[in-house]
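The structure appears below as C-alpha cells.
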Amino acid sequence: CSPSMTRLQRSPVTGVPVLAASPGSLPRLGSSFAMQLTQLPASPFNLPVGVIGFDDQTWLGQPLPLLLDSFGFTGCQAWLAPETFTALSNLGGTATWTIAVPLDLDLAGLSFFVQATVNAPTANPGAFVFSNAGHGVVGTP
C-alpha cells in the first residue's frame, strides 16, 4: 500500500493557519509522519492543537464541512469528525506535529484526516481559528 498525504479544502487565507506535510514526510508503517502548521500568531501563548479524525462526511449527525459561525468561530469550518487532540508548541508562528505510525500491518491503507486550531483571542468571538485539512493514507515501508 502506498502512503499518501494530500492537502484538502480551501486556499490559504491571511491570518488562518496552514497545515501541510513536511517535505518528504509520508505516513508509513513503523515511521514518524511530520507536518508543519504555519501562519500561526507569533506568540507562544497562541497555543495550537492538532486534531485527527477518521470521517470527513458527518460529525454528530451533521454533514461536513460544518460552518462554525454559530459557535462563535466566524469564517471557520470543521472538515473532520474529531477523534483525538494533540497539543503543539508554537515557535515563532510555526508548529511541528509528528505522529508515530506503529509497525502494525492492520493499519496499512488506513485513511485519516487532520486539521488544526489555534487560540487567537482577537480573531472572532470564539477566540480560535481553524486550518485547512489534510487526508492521509497509511502505507507500508
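The values are calculated or read from the model by the stated rules, or taken from the named source; none is laboratory data. Worth saying up front: this structure is predicted, and the values here are computed from it rather than measured. Because the Cβ atoms are built from the backbone with ideal geometry, glycine has one as well, and the counts that use them run over all protein chains shown. Note: accessible area is taken over every heavy atom of the protein model, side chains too, but ligands, DNA and RNA are not part of it. Shrake-Rupley method; radii C 1.70, N 1.55, O 1.52, S 1.80 Å.
Listing for the model above:
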{"item": "Positions within the stretch 109-141 being among the β-branched types (V, I, T) and under 14 Å from F85 (Cα atoms), in sequence order", "result": "V114, T117, V118"}
{"item": "Count - residues of the stretch 59-87 that are under 13 Å from T117 (Cβ atoms), assigned to a loop (DSSP other than H, G, I, E, B) and of a type in the set (A, V, I, L, M)", "result": "2"}
{"item": "Every pair of residues 6+ apart whose Cβ atoms lie under 6 Å, when the first sits in the stretch 16-45 and is free of Cβ contacts under 8 Å to residues at least 60 places away in the same chain and over 16 Å from T6 (Cα atoms) while the second is open to solvent by 60 Å² or more (accessible area, probe 1.4 Å) and in a loop (DSSP other than H, G, I, E, B)", "result": "A42/G92"}
{"item": "The stretch 65-81 - residue that is open to solvent by 50 Å² or more (accessible area, probe 1.4 Å) and without any contact (Cβ under 8 Å) to a residue 24 or more places away in the chain and, of those, farthest from T6 (Cα to Cα)", "result": "S70"}
{"item": "Residue check for G24: in a loop (DSSP other than H, G, I, E, B) and touching a helix residue (DSSP H, G or I) at 6+ places or on another chain (Cβ under 9 Å)", "result": "no"}
{"item": "Residue ID - farthest from M35 (Cα to Cα), chosen from residues in the stretch 127-141 that are open to solvent by less than 20 Å² (accessible area, probe 1.4 Å) and assigned to a strand (DSSP E or B)", "result": "V129"}
{"item": "Test: residue in the stretch 91-108 that is more than 30 Å from C1 (Cβ to Cβ), in contact with a strand residue (DSSP E or B) (Cβ under 8 Å, 6 or more places away or on another chain) and not hydrophobic (A, V, I, L, M, F, W, C)", "result": "yes"}
{"item": "Those residues of the stretch 34-54 which are open to solvent by less than 30 Å² (accessible area, probe 1.4 Å) and among the hydrophobic types (A, V, I, L, M, F, W, C), in sequence order", "result": "A34, M35, L37, L40, V51, I52"}
{"item": "Odd one out for S31, checked against (1) under 19 Å from V129 (Cβ atoms); (2) open to solvent by 30 Å² or more (accessible area, probe 1.4 Å)", "result": "(1)"}
{"item": "Selection count, the stretch 82-126, where residues are open to solvent by 80 Å² or more (accessible area, probe 1.4 Å) and acidic (D, E)", "result": "2"}
